[in-house]
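Pasting in a structure now, in structure tokens, and then I'll have a few things to ask.
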């Protein structure tokens, strides 16, 4: 059978969707491999995953100043993370292509080294778009920012890619897998590249540790609070406000707060609020009535997959765009992350729990996700990229 190489950045939310797709391809008899951060991919894709190690910038994301927002955060993302990430990953991706000899490369939208190396070797490649923010015209009205990013990508192509290449490495001209649906993403501004909406790639995940399922009381609604894995430096005040607001509603609500960075260190769990460093999120969402989160695309889509309405408090990057999609779709309410207090947060949670329109919208979007096909649909599209005769692929001869 054929060979697919997945190129992923060192970000959990960008690896998880690819895990389900790779598993589906493997179940169909294809051979899959990964290029990325070995320990992260191994933890998420399983110990049997074949991983070609790639270097990554040390601590770039974790060292991002927590106060950065808006254009300053976007500049940091590109200048201090995505560009260095491409430069660091390129040798590992090149080694993977030479050794594994894939028929198709699947490159995450933020791992542009995958696209540039695939183009240089003459390989068909697909974009794995784990957020739809790039499709929504997020940079409309900011031509200078768009030109600046284009310049960065041109410099990367000159050093890593094919000099005569022309495709934007964020948007494959062959296939763009969008892990969402129009019911959530709304109108699409992007005109380049064939976008295929496949919905979230939901797959079983390895679990570490244990969760006290017996703590959940059947007579109270469970509210999950999570800011994801990349925002541990910003969340102390927000999580504290959530704790106070939800404890005040303990007659009908119990809260599970995910606190991987120990922002609530010293505040013990109690019968009303459980504070834990991690949760089996997919399993827990099946028993959750509402989610309070930062607007991360994976968390939002996983909640909506389960028909769970949201309170979104975007911090930076694509999160404001995703939060706007949630509100426009009717599946939740938005609060201001930096100006939240227990009263406002409590009112937002009440709205998510009590307004039947929010739950109806969440279920409608969840139904669209299931119809889109997820990992199986993504695998179908990837199989169509396979060359009729793989030996005829116009590859670079190293």
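Pull out the extension gain between residue 327 and residue 155, defined as 0.36 nm times the separation in residues minus the alpha carbon to alpha carbon distance; nm, one decimal.
So the extension gain works out to 58.2 nm.
Rounded to the nearest 500, what is the 222 nm mean residue ellipticity of the chain from helices alone, with -39500 (n - 2.57) per DSSP H run of 4+ residues and division by all residues?
-12000 deg cm²/dmol
With springs connecting C-alpha atoms under 10 Å apart, model the chain as a Gaussian network and identify which of 308, 93, 273 has the largest mean-square fluctuation.
Among 308, 93, 273, the largest GNM mean-square fluctuation belongs to 273.
Another question, if that's okay. Please build a GNM for the chain, connecting alpha carbons under 10 Å apart, and tell me which residue among 324, 38, 166 fluctuates the most.
Largest GNM mean-square fluctuation: 166.
What distance in nm separates the simple spin-label points at residue 98 and residue 73, each placed 7 Å from Cα in the Cβ direction?
With each label point 7 Å from Cα toward Cβ, the separation is 4.0 nm.
Let's test the formula: R0 of 22 Å, r as the Cβ-Cβ distance of residue 50 and residue 383. What FRET efficiency results, to the nearest 0.05?
0.65
At 0.36 nm per residue, and after removing the present C-alpha to C-alpha distance, how many nm does the segment from residue 217 to residue 144 gain when stretched out fully?
This chain segment gains 21.0 nm when fully extended.
Next up: Working out 0.36 nm times the residue gap between residue 278 and residue 87, then minus their Cα-Cα distance, what length gain in nm do you get to one decimal?
Extending this stretch completely gives an extra 65.6 nm.
Continuing with this model, one more query. Only counting other Cβ atoms within 10 Å, I'd like 159, 132, 329, 269 sorted with the fewest neighbours first.
159, 269, 329, 132
Please arrange 297, 30 by how many other C-beta atoms lie within 10 Å of their C-beta, fewest to most.
The order, fewest Cβ neighbours first, is 30, 297.
For Cα extents along the principal axes in Å, which listed value, (i) 68, 45, 39; (ii) 71, 50, 41; (iii) 53, 46, 45, comes from the coordinates shown?
Derived directly from the coordinates: (i).
Return the single residue from 220, 363, 247 with maximal mean-square fluctuation; model: Gaussian network over the chain, springs between Cα atoms under 10 Å.
Comparing 220, 363, 247 in the GNM, the peak value goes to 220.
Taken together, the values in this text are just the output of simple stated rules run on the coordinates, not laboratory data. Note that this is a predicted model, so its numbers are computed, not measured. Glycine also receives a Cβ, built like all others from the backbone with ideal geometry; neighbour counts cover every protein chain displayed.
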